[in-house]
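The values are calculated or read from the model by the stated rules, or taken from the named source; none is laboratory data. Nothing here was measured: the structure is a model prediction, and the numbers come from that model. Ideal geometry is used to build each Cβ from the backbone, glycine not excepted, and the neighbour counts take in all protein chains shown.
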Amino acid sequence: MKLGLENKVALVSGGSKGIGRACAELLAEEGCQVMVVARGIEGIEASVQAIRAAGGRAAGVAADMSDASGVQRAVDATREAFGAPDIVISNVHGGEPCDFLKDDPAEFTDSFQNLVMSVVHLARATLPHMQAQGWGRLLTIGTAAAKEPAAGLRLMAANTARAGVVTLNKSLADEFAGQGITVNTLATGWIATEHMLDHIGQMAAAKGQPADAMLGKLARGIPVGRPGRPVEIASLAVYLCSDLAGYLTGCLIPVDGGSHRSAW
């Protein structure tokens, strides 16, 4: 299916691996000009080369998206390479586990800066162009933990900030819906990315269990019986960036193999 995204300019943060890379690759397949943004230059180069080898158009820039100057660096690089971004996918790592009573309460400040302020800076830097042309897409790759935190993972700081992103995006959606701009958040579950597998390995080691056994236990708790694949998130993300999804905005959309408890 062609989604009408030919020659659109897309900025994908966290685009060097996992879900972000899958989004960048699928957007390029649909004809977008893609700017891959991440912190590590090696991962950026690998992602860009893969897209180009498949016939797509891509460039990359190393930037810290939790910092306003890093966001501006990424947006400026996109403008220089392809033009102002029409599509923006925010995909920022949420933080590490913390002990609420023992660890520094600055963990909450750091999570807010990384997750909420990265979206604030990115939206402020890209919305004026979207307003001027009467079309734009802002999408955050979030987590189901923003609504239903998983017990035992000790991600309270990140979960709190993730919930703040959902509220921010709903407010942005309400404010800009009449200007052809949609803003949505994906609530992902367990996705088989390198980061997730590393995290499971650490959890298993801390409990003295084999990583495979813990992964199997987690999979049994997912109604579909397995973790998700990055492309299964990316395929929905790309659809949401198209005209076909122009009537869908302000939503937190679960993509978690049926793990969410509510029907709404």
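Residues satisfying the criterion are absent from segment 60-67 (criterion: at pLDDT 95 or above, buried (at least 23 other Cβ atoms within 10 Å of the Cβ) and farther than 20 Å from residue 193 by Cβ). Taking each residue of segment 71-86 that is of a type in the set (D, E, K, R) and looking for partners that are assigned to a loop (DSSP other than H, G, I, E, B) with beta-carbon atoms closer than 6 Å, six or more apart or interchain, yields 73/63; 86/8.
The requirement of being at pLDDT 90 or above and of a type in the set (Lys, Arg) is fulfilled somewhere in segment 225-234, by at least one residue.
Filtering segment 120-142 to residues that are of a type in the set (A, V, I, L, M, F, W, C) and in contact (Cβ under 8 Å) with a residue 40 or more places away in the chain leaves 120, 122, 123, 125, 127, 130, 135, 138, 139, 141.
The sole residue among 167, 126 that is out of contact with any Lys or Arg (no Cβ under 9 Å at 6 or more places or on another chain), buried (at least 20 other Cβ atoms within 10 Å of the Cβ), modelled with pLDDT of 95 or more and part of a helix (DSSP H, G or I) is 126. Only a single item in (1) at pLDDT below 95; (2) out of contact with any Pro (no Cβ under 8 Å at 6 or more places or on another chain); (3) crowded, with 17+ Cβ neighbours inside 10 Å; (4) under 22 Å from residue 20 (Cα atoms) is not met by residue 257, and it is number (2).
Check whether at least one residue in segment 21-31 is part of a strand (DSSP E or B), more than 16 Å from the chain's Cα centre (by Cα) and either under 20 Å from residue 232 (Cβ atoms) or assigned by TED's automatic domain parsing to the domain that holds residue 233 (or both), and report yes or no. No, segment 21-31 contains no residue that is part of a strand (DSSP E or B), more than 16 Å from the chain's Cα centre (by Cα) and either under 20 Å from residue 232 (Cβ atoms) or assigned by TED's automatic domain parsing to the domain that holds residue 233 (or both).
Would you point out which residue out of 225, 250 is in contact (Cβ under 8 Å) with a residue 60 or more places away in the chain, in a loop (DSSP other than H, G, I, E, B), at positive phi and not hydrophobic (A, V, I, L, M, F, W, C)?
Of the residues listed, the single one that is in contact (Cβ under 8 Å) with a residue 60 or more places away in the chain, in a loop (DSSP other than H, G, I, E, B), at positive phi and not hydrophobic (A, V, I, L, M, F, W, C) is 250.
Restricting the search to segment 170-191, which residues are surrounded by 19 or more Cβ atoms within 10 Å (Cβ to Cβ) and either in a loop (DSSP other than H, G, I, E, B) or of a type in the set (Phe, Trp, Tyr) (or both)? Within segment 170-191, 176, 189, 190 meet the criteria. Checked against the criterion of being β-branched (Val, Ile, Thr), over 23 Å from residue 34 (Cβ atoms), modelled with pLDDT of 85 or more and outside any loop (DSSP other than H, G, I, E, B), segment 135-146 has no qualifying residue. Filter segment 32-78 down to residues that are out of contact with any Asp or Glu (no Cβ under 9 Å at 6 or more places or on another chain), charged (D, E, K, R) and in a loop (DSSP other than H, G, I, E, B), then give me how many there are. Residues in segment 32-78 being out of contact with any Asp or Glu (no Cβ under 9 Å at 6 or more places or on another chain), charged (D, E, K, R) and in a loop (DSSP other than H, G, I, E, B): 2 in total. Taken as a whole, the structure leaves residue 92 outside the set of residues that are surrounded by 17 or more Cβ atoms within 10 Å (Cβ to Cβ) and at pLDDT 90 or above.
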